[in-house]
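A short worksheet on the structure shown next.
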2 protein chains.
Amino acid sequence: MANIYDVARLAKVSTATVSKVLSNTPYVSDKTRQKVLDAVFNLGYSPSIAARSLTGNRRFVIGLAIPYEPNYLFRDPFLMEVIQGIEEIANEHDYNLLFTTARKTNPQGAYSRLLNKGYVDGVVILETVKSVELDKKLVESGIPRVSVGYSMGSKGNLAIVTPSVHANDYLGALEATRHLLNLGHRRIGIINGPANFMTAMEERYKGFCTALAEAGLNPDPELMVNGDFTLESGIVAGQKLLQVSPLPTAIFSFNDRMAVGAMRSAREKGLKIPYDLSIIGFDDVELAQASDPPLTTIHQPAMGIGKEAARKLFAIFNGDIDILTETILPTEFILRGSTGPVPT
Amino acid sequence: MANIYDVARLAKVSTATVSKVLSNTPYVSDKTRQKVLDAVFNLGYSPSIAARSLTGNRRFVIGLAIPYEPNYLFRDPFLMEVIQGIEEIANEHDYNLLFTTARKTNPQGAYSRLLNKGYVDGVVILETVKSVELDKKLVESGIPRVSVGYSMGSKGNLAIVTPSVHANDYLGALEATRHLLNLGHRRIGIINGPANFMTAMEERYKGFCTALAEAGLNPDPELMVNGDFTLESGIVAGQKLLQVSPLPTAIFSFNDRMAVGAMRSAREKGLKIPYDLSIIGFDDVELAQASDPPLTTIHQPAMGIGKEAARKLFAIFNGDIDILTETILPTEFILRGSTGPVPT
DNA sequence: CTGAAAGCGCTTACAG
DNA sequence: CTGAAAGCGCTTACAG
């Protein structure tokens, strides 16, 4: 394989010049630049990432801080789509992804590689409440970071500000709830995420409450249960909600998989969807289209969130500090077959 | 951050010795080794991967050759589970994964990074027929490789032998078909993968035919349709099969997602599963449990396949040439609710 | 605008 | 069993 010396020799310039051309430094004459480019082309030269890392102090690796067991991660279609977005942008920059998942065996050391500049140039945190600690450590270590989700800063704790990207959970939930209210539903069950787990869930709950308030209603604590985002937990949650009396006529699940689980419990109870019970989800993952009936839901631009997070990280690498902000992407209401008028 | 010189200084030895201790070279006295280890611990030293790569000619990256669009990949639960297995083993060895997916914009150059020793130490090919070409190029370039699926060698073309790992597709399909036959089914529809796409599908088809032959039956060309593994394609495939007359009483889909799609078409036609129609899948992905009714299927050890493939690659790195073989993992028949006796 | 030279942090023959 | 030294392939001040 050709190295930078071969290129320099062929182009009759120094390696320094070759390096400059390749890193797009200005102050290289067009003629020289062209000679170098020709040599690069003719030799099929591509620089060694290892050498570049060693010298330039870049690793060409982005760490992914994933506060879930790998076992869970790979089954969460929403997260996978976010990661797909990150991967696409990383790829464009010749960066690889380092998956760092929480491990049962070594929870405290799970992210140690992310805190070590020897491994990564920056990290994308797939945020949960649990990441507060990681957030702090990253701030201390000075490693560039972006959070998918709500950073501490968005919670009003301005001591820790991590640039973040997320969907407008509040408005999405508001819209979902209004939809149910417009259909005449008054008793609406909620399947929330794990208690005190994610800011996103709190936002969705706020949106829900606001919509209720618009209709002059108050949330009923009996009508809220928690799940862990898996379909199975949605089944259990559905069973609980369908024991409350009087029965809810609609269920708003804070993600699609739990919504599909709730459908299952409803069907087992002999309820027809949407005639006896309306169900609406959140995310719009593939499962939402595949379910029977197809799920009415709130679309989150998962891929776009991932891409935006990655772009932000690269912007930080380039020293664009002013982008240390919260990027909020819009959600979209998707009407399908799982919601209908309140039964009369 | 501490480097190898700091460690050497503290331990009062040369950097060469530190290096030897860390790479577990024998011929270092226990006393020296202990001094070095102490220094490493006290400094919190961890070697620079970049420098190691540069010197040792290792990149600490495994390439994943994925002959699918990223858009497809991240939605295929079976593939994701295989990758999860690969990731776990890679992680144990301090290796990262480089995802290389087929790109519409640049199909020919999609895997170029995999063929460049500057990027990866080895590659795992997620095999399809299309990988023949890649297989050849990898052999030429001499980059260590393992195939998830059937290598060319297993097709009898011994000129190209890539070590491979896959499930026993033949026996799995045999068992699935026998199950249907035992329930009395005689007209069994098949949803195959894309025509001439993967050896795995050919193997499943062979297993199917063998079981039929055992029952004195011949495959009926009218009862076989092709899909592309997506749920949507399963819907279309199901519709086609349910137009054949006389109707099939059972459908064997070569993956779970298409099976669930076929369920949808059956339901739309007013057929009850399993009373009017039995459906069996292949893979046993999460969706199989989530479907309604839960899907009877053939379990493939997806995670185990991934792990085995990765282990094999590391074995090759270590010079264990004798493992250049085909590893076949067993499948398992999973009885759930989507299959039943032939309607009378 | 261009180049000589040091240095990034390791590993690997080689000599002892 | 241990160490001196070259070298991996780049980039970056620095000098011109």
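The values are calculated or read from the model by the stated rules, or taken from the named source; none is laboratory data. Because the structure is predicted, anything quoted here is derived from the model rather than measured. Ideal geometry is used to build each Cβ from the backbone, glycine not excepted, and the neighbour counts take in all protein chains shown. The area values use the complete protein model at the heavy-atom level, side chains included, leaving out ligands, DNA and RNA. Shrake-Rupley method; radii C 1.70, N 1.55, O 1.52, S 1.80 Å.
In segment B:298-327, how many are under 21 Å from the mean Cα position of the chain (by Cα) and farther than 17 Å from residue B:81 by Cα?
Result for segment B:298-327: 11.
Within segment B:274-297, can you find the residues that are over 20 Å from the mean Cα position of the chain (by Cα) and within 13 Å of chain A (Cβ to nearest Cβ)?
B:289, B:290, B:291, B:292, B:293, B:294, B:295
Considering only residues that are buried (at least 18 other Cβ atoms within 10 Å of the Cβ) and closer than 18 Å to residue B:186 by Cα, which ones fall in segment B:272-295?
Selection gives B:273, B:274, B:277, B:278, B:279, B:280, B:281.
Which condition does residue A:264 not pass, out of (1) at pLDDT 95 or above; (2) surrounded by fewer than 24 Cβ atoms within 10 Å (Cβ to Cβ), if it passes all the others?
Here residue A:264 clears every test but (1).
If we keep just the residues of segment A:58-68 that are within 16 Å of DNA strand C (Cβ to nearest atom) and either more than 18 Å from residue B:97 (Cα to Cα) or more than 8 Å from chain B (Cβ to nearest Cβ) (or both), which is surrounded by the most Cβ atoms within 10 Å (Cβ to Cβ)?
If we take residues in segment A:58-68 being within 16 Å of DNA strand C (Cβ to nearest atom) and either more than 18 Å from residue B:97 (Cα to Cα) or more than 8 Å from chain B (Cβ to nearest Cβ) (or both), then A:60 is surrounded by the most Cβ atoms within 10 Å (Cβ to Cβ).
Is segment A:69-79 home to any residue that is crowded, with 18+ Cβ neighbours inside 10 Å, modelled with pLDDT of 75 or more and among the basic types (Lys, Arg)?
So far as segment A:69-79 goes, yes, one or more of its residues are crowded, with 18+ Cβ neighbours inside 10 Å, modelled with pLDDT of 75 or more and among the basic types (Lys, Arg).
May I ask you to verify whether residue A:43 is open to solvent by 50 Å² or more (accessible area, probe 1.4 Å), within 13 Å of DNA strand D (Cβ to nearest atom) and modelled with pLDDT of 75 or more?
yes
Those residues that are more than 17 Å from residue B:68 (Cα to Cα), open to solvent by less than 20 Å² (accessible area, probe 1.4 Å) and part of a helix (DSSP H, G or I), I need them from segment A:80-98; list them, please.
Selection gives A:82, A:86, A:89, A:90.
If I ask for residues that are within 7 Å of DNA strand C (Cβ to nearest atom) and either touching a residue at least 60 places away in the same chain (Cβ under 8 Å) or open to solvent by 50 Å² or more (accessible area, probe 1.4 Å) (or both), which ones from segment B:2-15 would you list?
B:3, B:5
Consider segment B:237-246. How many of its residues are open to solvent by 70 Å² or more (accessible area, probe 1.4 Å) and of a type outside the set (D, E, K, R)?
Count: 4.
Please pick out the residue among B:281, B:337, B:319, B:306 that is of a type outside the set (A, V, I, L, M, F, W, C) and at positive phi.
Details: B:281 fails: at positive phi; B:337 fails: at positive phi; B:306 fails: at positive phi.
Within the list B:281, B:337, B:319, B:306, the selection yields B:319.
Considering only segment B:23-57, state which residues are within 8 Å of DNA strand C (Cβ to nearest atom) and within 14 Å of chain A (Cβ to nearest Cβ).
B:45, B:46, B:47, B:48, B:50, B:51, B:52, B:54, B:55, B:56, B:57
Tell me which residues, restricted to segment A:26-54, are more than 25 Å from residue B:51 (Cα to Cα) and either assigned to a loop (DSSP other than H, G, I, E, B) or assigned by TED's automatic domain parsing to the domain that holds residue A:121 (or both).
Across segment A:26-54, the qualifying residues are A:26, A:27, A:28, A:29.
Looking at segment B:76-98 only, could you name the residues that are more than 10 Å from chain A (Cβ to nearest Cβ) and free of Cβ contacts under 8 Å to residues at least 12 places away in the same chain?
B:92, the sole residue that qualifies.
Within the group B:92, B:87, B:81, which residue is in the same structural domain as residue B:147 (by TED's automatic domain parsing), in contact with a Ser or Thr (Cβ under 9 Å, 6 or more places away or on another chain) and more than 14 Å from DNA strand D (Cβ to nearest atom)?
Values: B:92 fails: in contact with a Ser or Thr (Cβ under 9 Å, 6 or more places away or on another chain); B:81 fails: in contact with a Ser or Thr (Cβ under 9 Å, 6 or more places away or on another chain).
Only one candidate passes the filter, namely B:87.
Tell me, which residue of segment A:17-29 that is open to solvent by 50 Å² or more (accessible area, probe 1.4 Å) and modelled with pLDDT of 85 or more is nearest to DNA strand D (Cβ to nearest atom)?
A:19
From the list A:180, A:171, exactly one residue is at pLDDT 95 or above, surrounded by fewer than 19 Cβ atoms within 10 Å (Cβ to Cβ) and of a type outside the set (S, T, N, Q). Which is it? Break it down stepwise before answering.
Details: A:180 fails: surrounded by fewer than 19 Cβ atoms within 10 Å (Cβ to Cβ).
Unique residue meeting the criteria: A:171.
Looking at (1) under 30 Å from residue B:166 (Cβ atoms); (2) within 14 Å of chain A (Cβ to nearest Cβ); (3) away from DNA strand D (no atom under 16 Å from the Cβ); (4) not hydroxyl-bearing (Ser, Thr, Tyr), which is the only condition residue B:1 fails?
With respect to (1) under 30 Å from residue B:166 (Cβ atoms); (2) within 14 Å of chain A (Cβ to nearest Cβ); (3) away from DNA strand D (no atom under 16 Å from the Cβ); (4) not hydroxyl-bearing (Ser, Thr, Tyr), residue B:1 is out only on (1).
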